[in-house]
1. Give the calculated FRET efficiency between residue 69 and residue 12 to the nearest 0.05, with a Förster radius of 35 Å applied to their Cβ-Cβ distance.
2. Relative contact order (percent) for the chain, with alpha-carbon contacts under 8 angstrom and 6 or more residues of separation?
3. Can you compute log10 of I(q)/I(0) for the range 18-72 with the Debye formula, treating each Cα as one identical point scatterer, at q = 0.19, 0.22 Å⁻¹?
4. Given the options 27, 42, 62, state which has the largest fluctuation in a GNM of the chain using a 10 Å cut-off (strictly under) for Cα springs.
5. Who wins for biggest fluctuation among 33, 25, 46 in a Gaussian network model of the chain, springs between alpha carbons below 10 Å?
6. At 222 nm, what value in deg cm²/dmol follows for the chain if DSSP H runs of at least 4 each add -39500 (n - 2.57) and the sum is divided by all its residues, to the nearest 500?
7. Mind giving me the nanometre distance, one decimal, between the label points for residue 33 and residue 76, set 7 Å out from Cα along Cα→Cβ?
8. Would you mind ranking 45, 66 by Cβ crowding within 10 Å, fewest neighbours first?
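Taken together, the values in this text are just the output of simple stated rules run on the coordinates, not laboratory data. From a predicted model like this one, the values you see are computed outputs, not experimental measurements. Glycine gets a Cβ as well: all are built from the backbone with ideal geometry, and neighbour counts include every protein chain shown.
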C-alpha cells in the first residue's frame, strides 16, 4: 500500500503463478489472483484504502479461527 492505494508489480517471462503480499513487514505467499483482492485487503490489511467498508464484528472462535464481518456504507 502506498498512500492508501494498492500497488502491484508484475513480472513477465517465466513466472511460477504465485503472488507475494508485503503487509506490516510480513511476507505472505499466496495465489497470484489473491494479491490485491478484496479478501486480502479486508482480511489481511484490515480494510486499508477502502472507503465504503466498515468493520461490523471481529472475533476469534474456540479453534483460533478469526471471523470478521464487514458492512458496506453506500453513503460514503
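1. Numbers: r = 39 Å, r/R0 = 1.11.
So, using R0 = 35 Å, E works out to roughly 0.35.
2. Here the relative contact order equals 20 percent.
3. Evaluating at q = 0.19, 0.22 Å⁻¹ gives log10 I(q)/I(0) of -0.75, -0.93.
4. It is 62.
5. Taking springs between Cα atoms under 10 Å, the residue moving most is 25.
6. Numbers: 1 runs with 6 residues, N = 76.
Result for the chain: -2000 deg cm²/dmol, rounded to the nearest 500.
7. 2.7 nm
8. Details: 45 16, 66 9.
Fewest to most other Cβ atoms nearby, the residues stand as 66, 45.
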